[in-house]
1. For I42, only one of the following conditions fails: (1) of a type in the set (V, I, T); (2) within 19 Å of V106 (Cβ to Cβ); (3) free of Cβ contacts under 8 Å to residues at least 60 places away in the same chain. What is its number?
2. Return only the number of the condition from (1) more than 21 Å from L234 (Cα to Cα); (2) in contact with a helix residue (DSSP H, G or I) (Cβ under 8 Å, 6 or more places away or on another chain) that R304 does not satisfy.
3. What do you reckon, is N300 at pLDDT below 95 and surrounded by fewer than 13 Cβ atoms within 10 Å (Cβ to Cβ)?
4. Is there any pair with a first residue in the range 240-266 that is closer than 22 Å to D214 by Cβ and a second that is in a loop (DSSP other than H, G, I, E, B) and of a type in the set (S, T, Y) whose Cβ atoms are under 9 Å apart and which are 6 or more apart or on different chains, and what are they?
5. Specify the residue that is surrounded by the most Cβ atoms within 10 Å (Cβ to Cβ); the eligible residues are those in the range 35-59 that are closer than 12 Å to A20 by Cα and not polar (S, T, N, Q).
6. Answer yes or no: is there a residue in the range 234-256 that is surrounded by fewer than 20 Cβ atoms within 10 Å (Cβ to Cβ), on the phi < 0 side of the Ramachandran plot and of a type in the set (G, A, S).
7. Among A225, A289, which is over 14 Å from the mean Cα position of the chain (by Cα), aliphatic (A, V, I, L, M) and closer than 28 Å to H362 by Cβ?
8. Out of V106, V134, V118, I need the residue that is at pLDDT below 95 and among the hydrophobic types (A, V, I, L, M, F, W, C). Which one?
Amino acid sequence: MKQKNIYIIDFDSTFTQVEALDELARISLKKHPEKEAIFQKIEDYTNLAMEGKLSFGESLAQRVKLLEATEDHLKQLITRLKKKVSASFSRNAEFFKKHADEVLIVSGGFKEFITPVVSQYHIKKENIYANTFVTTGDGKIIDYDHSNPLSEEGGKVKLMQQLNLEGDLYGIGDGYSDFQLRESGLIKKFYAFTENISRESIVKKADHITPSFDEFLYVNNLPRAISYPKNRILCLVIGEVNPLSIELLKKDGFSIRHKETFEEKYVADVHMMLLADGEKLELEKLKRAVKLKTIGYLGNSKGRVDIATCIQQGVVVFEDPKNNPRNLDFIPKRMIDFMNTGTTYLSSNFPNLQLPRIEKSHRLIHIHKNVPGIMAKVNTIFAKHDINIVGQFLMTNPEIGYVITDINAEYDKQLFKSLKKIEHTIKFRVLY
């Protein structure tokens, strides 16, 4: 009989983008004359514990002492934390709904602010393990419950030993206390979560580095909001490109490499390219870049990017021929929209298609030569596989057809192979 999987997830800098106690300090000490010095002390205690250089119990005691917080400050913190849920956790809310019995939040943080944040993601209150504050009658936070194992050094290990859970346990977190679960042998694998912070001392000990929750779901073949993790999508930036343009792509989660030239080692694996004005893309390398899906050109690409070859290979090109200063964010945003939703709006070589995102569906992109009868073949395949089409969008130009089909969640994997085999298909991919 197959063992049940249990997912043990950290809260601070994992489920949320921030360390909650650091944020609470910024709220509670807002008017304190020495606030910056105290903020730094609290942050230092946090990092020392996360890197395993100070016992968790000592770190926690020192931080709580410095907070000078109240229950009113906690309310403000909860409002802030709800807006700071890590992007990859937020977009996979459906996973938590379907796997509510298997997900545990285990944190050295505090239930008072963790529970309101994670409960909105269908995580059960009885599956939330964290510390609790001690307050005075007028709502001042003065201490915490020292009898809780999570308040001590090695607390997560002690708690899991007490719970004695049956099944295969997987841990996801950013700090030393998360790694200790792996070190103790209580969990099968430890995934170092680096979407918000990457601690070298922890990353090198992990079984797997997961730059997003999408990556964790992908490697474990679990249901997810997007079919392929963005951290696995290689985006090459070539030439002197403004850092603001690069930051937009990085912030969206793509794996960025900034190079002076299109190096040979990237030709086979590149998915996206952003080129500085004046850079030329060698035709021979373009032809071999079989995974390339979109090119952004910060200027006029005429004579520098072979548009005919891009069309033949199903590569969508966005450029700004007038070299408008706004292209610093305009072109990267067009690339991001295309990768995320399939939108080709304002592309220089593809039919312009602007698309809404349809929830609870899978989006399939089929690019083909514009010859008669292809749409009939595409829809015949959907019919043969008993696929319910939620929405379908088609645009053509004299050379190519660009069709996006949103289907319901149930499908046969053989469907994809059949769509790829249609004669005159240029490129096919599952968007999410």
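The values are calculated or read from the model by the stated rules, or taken from the named source; none is laboratory data. Predicted model only: the values in this text are computed from it and were never measured. Neighbour counts are summed over all protein chains in view; Cβ atoms, including those assigned to glycine, are modelled from backbone coordinates with ideal geometry.
1. Result: I42 passes all but (2).
2. With (1) more than 21 Å from L234 (Cα to Cα); (2) in contact with a helix residue (DSSP H, G or I) (Cβ under 8 Å, 6 or more places away or on another chain) applied to R304, the lone miss is (2).
3. On the way: at pLDDT below 95: yes; surrounded by fewer than 13 Cβ atoms within 10 Å (Cβ to Cβ): no.
No.
4. Correct list of pairs: G253/S212.
5. Step one: filter the range 35-59 for residues closer than 12 Å to A20 by Cα, giving 42-43, 46.
Now narrow it down to the ones that are not polar (S, T, N, Q): 42-43.
Numbers: I42: 23, E43: 15.
Top of the filtered list is I42.
6. yes
7. On the way: A225 fails: over 14 Å from the mean Cα position of the chain (by Cα).
A289 is the lone residue from the list that is over 14 Å from the mean Cα position of the chain (by Cα), aliphatic (A, V, I, L, M) and closer than 28 Å to H362 by Cβ.
8. On the way: V106 fails: at pLDDT below 95; V118 fails: at pLDDT below 95.
On inspection, the qualifying residue turns out to be V134.
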